[in-house]
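**Student:** Provided herewith is a single structure, encoded as structure tokens, for subsequent inquiry.
The values are calculated or read from the model by the stated rules, or taken from the named source; none is laboratory data. Everything quoted here is computed from the prediction, not taken from an experiment. Methodologically, a virtual Cβ is constructed for each residue, glycine included, from the backbone with ideal geometry; neighbour enumeration extends over all protein chains shown. Quick note on the areas: whole protein, heavy atoms, side chains included, nothing else; ligands and nucleic acids left out. Shrake-Rupley method; radii C 1.70, N 1.55, O 1.52, S 1.80 Å.
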Amino acid sequence: MNGLVSVRPFYLYNTIYVHVKTKREEVIEIKPGYFDLWIKEPAERGLANKKVLEILRMHLNTNREMKIV
């Protein structure tokens, strides 16, 4: 089985449960396309939204455009 590469499928829409103002920053993928996300930023002035996008890009290892709808 040498040479096989596991490719993570890209989902058009992901469901993300965000917990704001926590003491930790962590991402747990519940199942493909569903995430639990803990961030330290408050849900004010778009701070939490920016952090969510930043963490998801790092977790998914992509530079694709993402937006929150």
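**Student:** I'd like the residue in region 12-24 that is exposed (fewer than 13 other Cβ atoms within 10 Å of the Cβ) and part of a loop (DSSP other than H, G, I, E, B) and, out of all such residues, is modelled with the lowest pLDDT.
**Tutor:** L12
**Student:** Working only within region 31-69, note down all residues that are assigned to a loop (DSSP other than H, G, I, E, B), open to solvent by 60 Å² or more (accessible area, probe 1.4 Å) and either under 12 Å from V18 (Cβ atoms) or β-branched (V, I, T) (or both).
**Tutor:** K40, A43, I68, V69
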